[in-house]
Amino acid sequence: MTIERNNPPENRLTHVRSYRAPDGVRLSADVGGPDGAPVIILMHGGGQTRHSWSGATRVLIERGYQVINYDARGHGDSDWSSSGAYTLDDRVADLRAITDTFDGPFVLVGASLGGATSIHAVALGLRPQAVVLVDIVPHAEMQGVARIVDFMSSNTDGFASLDEAIEAVAAYNPDRPRPNDPSGLMRNLRLKPDGRLYWHWDPQIMANPSVARAHHDLLVASADQMARLTGLPVLLIRGLRSDIVSDTGVAAFRTMMPQLEVVDVAGAGHMVAGDRNDAFNRGVIDFLTRTIPLTQAAGA
């Protein structure tokens, strides 16, 4: 079952479409691009929404790809799970619900949690044409992961104003310049009847304090499974200021997958696309042009 509605005028390249997961959770996505073209599925990181991919969505559609850019369960405009079903298995089931709606080649592009979902999906049998991982490796730096967990677990009582939310983001990422238009942060916030602003994700996601370690251990095992697909093109785009992906983590991943390509983005932290969207887009487009050319995919 799908429901569609138009986006605002500034987003006329896409329309909003809803997908239904096996457990009934509704997933909201921006969808656009020509029919018959390869599908690029964009998956944001934990604590983000699909709007973090706005620039990449536009560039990919203009290049001639189809794009499905969706909010993960418990995030953005997608439903929250009433049972707190937020494991990687749940997220892979969501992804399969999307890929079951079309035929033809597709590429998974996942940042952080979205990248972990991509790796686990391949381990469970999903077969994309290629995978792009954004600042995530199987052997991530747990200190950096802990910072994300702490950030997502804090401020559960919300914010009295947008300025308070901006200060919280700045405290987490002090090296990132503050946006010229901070109102964009409202896409990551919900205004509740009590008049306070709350993050646009379900607090139940972080209810289990061991979730980060559980994801890490499963990710290592899933990456080992993915590594057995020796012909699968995999690109890692990492921010050189990231505290999640280190040289050691990259080397360990490359030992598992010798075909791994790596694009280092100077001046970017864990939020690579947000920090250096231009460099991110160049890396992705170059990789896609070589691994899934539009003319070849169209049968020309």
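Determine which member of the set ASP71, ASP89 is in contact with a Ser or Thr (Cβ under 6 Å, 6 or more places away or on another chain), of a type in the set (Asp, Glu) and at negative phi.
Values: ASP89 fails: in contact with a Ser or Thr (Cβ under 6 Å, 6 or more places away or on another chain).
The conditions single out ASP71.
Restricting to the range 258-300, name every residue that is surrounded by fewer than 16 Cβ atoms within 10 Å (Cβ to Cβ), modelled with pLDDT under 85 and more than 19 Å from VAL107 (Cα to Cα).
Residue satisfying the conditions is ALA300 alone.
Give me a count of the residues in the range 34-81 that are among the aromatic types (Phe, Trp, Tyr), outside any loop (DSSP other than H, G, I, E, B) and surrounded by fewer than 24 Cβ atoms within 10 Å (Cβ to Cβ).
Filtering the range 34-81 down to residues among the aromatic types (Phe, Trp, Tyr) leaves 53, 65, 70, 80.
Of the ones still in play, those that are also outside any loop (DSSP other than H, G, I, E, B) are 53, 70.
With the extra rule that they be surrounded by fewer than 24 Cβ atoms within 10 Å (Cβ to Cβ), the set shrinks to none.
Residues in the range 34-81 being among the aromatic types (Phe, Trp, Tyr), outside any loop (DSSP other than H, G, I, E, B) and surrounded by fewer than 24 Cβ atoms within 10 Å (Cβ to Cβ): 0 in total.
Quick check on the range 12-33: of everything there that is touching a residue at least 60 places away in the same chain (Cβ under 8 Å) and not in a strand (DSSP E or B), which residue is surrounded by the fewest Cβ atoms within 10 Å (Cβ to Cβ)?
PRO22
Which one of the conditions (1) surrounded by 15 or more Cβ atoms within 10 Å (Cβ to Cβ); (2) within 21 Å of the chain's Cα centre (by Cα) does GLY158 fail to meet, given that it meets all the rest?
The failed condition is (2).
Might you let me know whether the range 228-248 holds any residue that is within 24 Å of ASP89 (Cα to Cα), surrounded by 14 or more Cβ atoms within 10 Å (Cβ to Cβ) and among the small types (Gly, Ala, Ser)?
no
Can you find a residue in the range 130-145 that is without any contact (Cβ under 8 Å) to a residue 60 or more places away in the chain, on the phi < 0 side of the Ramachandran plot and in contact with a Ser or Thr (Cβ under 8 Å, 6 or more places away or on another chain)? So that I can check it myself, show each step before the final result.
First, the residues of the range 130-145 that are without any contact (Cβ under 8 Å) to a residue 60 or more places away in the chain: none.
Checked against the condition, which is being without any contact (Cβ under 8 Å) to a residue 60 or more places away in the chain, on the phi < 0 side of the Ramachandran plot and in contact with a Ser or Thr (Cβ under 8 Å, 6 or more places away or on another chain), the range 130-145 yields no hits at all.
Condition check ((1) at pLDDT 85 or above; (2) touching an Asp or Glu at 6+ places or on another chain (Cβ under 8 Å); (3) in a loop (DSSP other than H, G, I, E, B); (4) not aliphatic (A, V, I, L, M)) across all residues:
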| position | (1), (2), (3), (4) |
| --- | --- |
| VAL145 | yes, no, no, no |
| PRO174 | no, no, yes, yes |
| ARG178 | no, no, yes, yes |
| ALA223 | yes, no, no, no |
| ARG238 | yes, yes, no, yes |
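Pairs, please: C-beta under 6 Å, at least 6 apart or cross-chain, first residue free of Cβ contacts under 8 Å to residues at least 12 places away in the same chain and among the aliphatic types (A, V, I, L, M) and in the range 188-203, second surrounded by 15 or more Cβ atoms within 10 Å (Cβ to Cβ) and in a strand (DSSP E or B)?
Pairs found: LEU191/LEU197.
Take PRO128 and decide whether it is farther than 29 Å from SER18 by Cβ, touching a Phe, Trp or Tyr at 6+ places or on another chain (Cβ under 8 Å) and not β-branched (Val, Ile, Thr).
On the way: farther than 29 Å from SER18 by Cβ: no; touching a Phe, Trp or Tyr at 6+ places or on another chain (Cβ under 8 Å): yes; not β-branched (Val, Ile, Thr): yes.
Here the answer is no, as PRO128 does not meet what is asked.
Scan the range 97-108 and tell me whether some residue there is more than 17 Å from the chain's Cα centre (by Cα) and buried (at least 20 other Cβ atoms within 10 Å of the Cβ).
Pass one, the range 97-108, residues more than 17 Å from the chain's Cα centre (by Cα): 100-105.
Cutting the leftovers down to buried (at least 20 other Cβ atoms within 10 Å of the Cβ) gives us none.
Scanning the range 97-108, I find no residue that is more than 17 Å from the chain's Cα centre (by Cα) and buried (at least 20 other Cβ atoms within 10 Å of the Cβ), so the answer is no.
The values are calculated or read from the model by the stated rules, or taken from the named source; none is laboratory data. If you're wondering where the values come from, they're calculated on a predicted model, not measured in any experiment. We place every Cβ from the backbone using ideal geometry, glycine too, and count neighbours over all the protein chains shown.
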